[in-house]
Ligand SMILES: NC(=O)c1ccc[n+]([C@@H]2O[C@H](COP(=O)([O-])OP(=O)(O)OC[C@H]3O[C@@H](n4cnc5c(N)ncnc54)[C@H](OP(=O)(O)O)[C@@H]3O)[C@@H](O)[C@H]2O)c1
């Protein structure tokens, strides 16, 4: 499979979880991949090493996406290394699960700084620096469709990402750039499994038509398609990758 041959793709938060699997699948499909990380330097380098070992091309670059100056430096370094960026995958995200009454100012700010400001920061750079006819894939969540206690600030941040996605698609469409969001259902990563009982995991698995939690590979395959030219007529959409969850 070489549908992404010669595309240069930046994946935020790809040191582990869904992002790491996206980076590996994009590279396997022929893309050159910028593996962005915040704190997981060794994990990010391992993703790069695995890609290089399989004959692909990748580099690891540190940047906290919530910081505008770090995102600018990330674009500078990526473009210095590869010459351009064709596709931006805004995968980096965190989830703070708290009842609204227990959520502190600091937790609210951190949730929005990484999930919303992080997506905003990279799109602001991409507005002028992503290649013409490029693609942007943002990350929302399918739990926006159900009302789970303790998910308030998380789903609010992802709803903001979906709205930014729709508006931005109209702002960069003239350059041929399509912008979409992917909404995974519950997926087997640390973000989802941390602190969950077996009973809750089983209940959430039962929401899918296939009675299972998603795997990072399930989500990455959707991103590989959206990053390809075959998906160019899809823009301003939010695509559920959730095994038929509500
Ligand atoms: N797992 C699910 O069930 C699920 C469901 C729906 C949506 N999602 C969304 O899918 C995306 C990936 O989630 P995941 O489950 O793979 O999470 P994860 O396993 O916790 O991995 C998160 C990744 O984001 C990076 N990251 C965190 N803060 C960052 C920052 N400030 N700047 C740059 N990178 C940062 C982490 O890098 P470091 O380790 O280097 O800090 C890590 O690589 C998120 O947007 C999440 O909201 C996940």
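No lab work stands behind these numbers, since they all come straight from the coordinates. Quantities reported herein were computed from a predicted structural model and do not represent experimental measurements. Heads up, the Cβs are rebuilt from the backbone with ideal geometry, glycines too, and the neighbour counts pull from every protein chain shown.
What the table below lists for this structure:
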{"read-out": "Segment residue 101-residue 84, extension gain: residue separation times 0.36 nm, minus the distance between their alpha carbons", "value": "1.6 nm"}
{"read-out": "Full-extension gain in nm, residue 42 to residue 72, via 0.36 nm per residue minus C-alpha separation", "value": "8.5 nm"}
{"read-out": "Degrees separating the helix 41-53 axis from the principal Cα axis of the chain, which is the longest one", "value": "50 degrees"}
{"read-out": "Extension gain, residue 211 back to residue 109 (0.36 nm per residue minus Cα-Cα distance, nm)", "value": "33.3 nm"}
{"read-out": "Backbone N within region 136-176 under 20 Å of label point (7 Å from residue 203 Cα along the Cβ vector)", "value": "142-156"}
{"read-out": "FRET efficiency, 1/(1 + (r/R0)^6) with R0 25 Å, evaluated for residue 156 and residue 124 via beta carbons", "value": "0.75"}
{"read-out": "Gaussian network model of the chain, Cα within-10 Å springs - most flexible of 163, 111, 25", "value": "163"}
{"read-out": "Cα long-axis angle, helix 17-28 against the chain (0 to 90 degrees, to the nearest 10)", "value": "30 degrees"}
{"read-out": "Relative contact order (%) - criterion: Cα under 8 Å, at least six apart; region: region 8-241", "value": "20 percent"}
{"read-out": "Ordering of 133-141, 94-102, 36-44 by burial proxy (mean other Cβ atoms within 10 Å per residue, highest first)", "value": "133-141, 36-44, 94-102"}
{"read-out": "Degrees separating the helix 152-172 axis from the principal Cα axis of the chain, which is the longest one", "value": "30 degrees"}
{"read-out": "Between region 71-86 and region 149-219, the alpha-carbon center distance in angstrom", "value": "27 Å"}
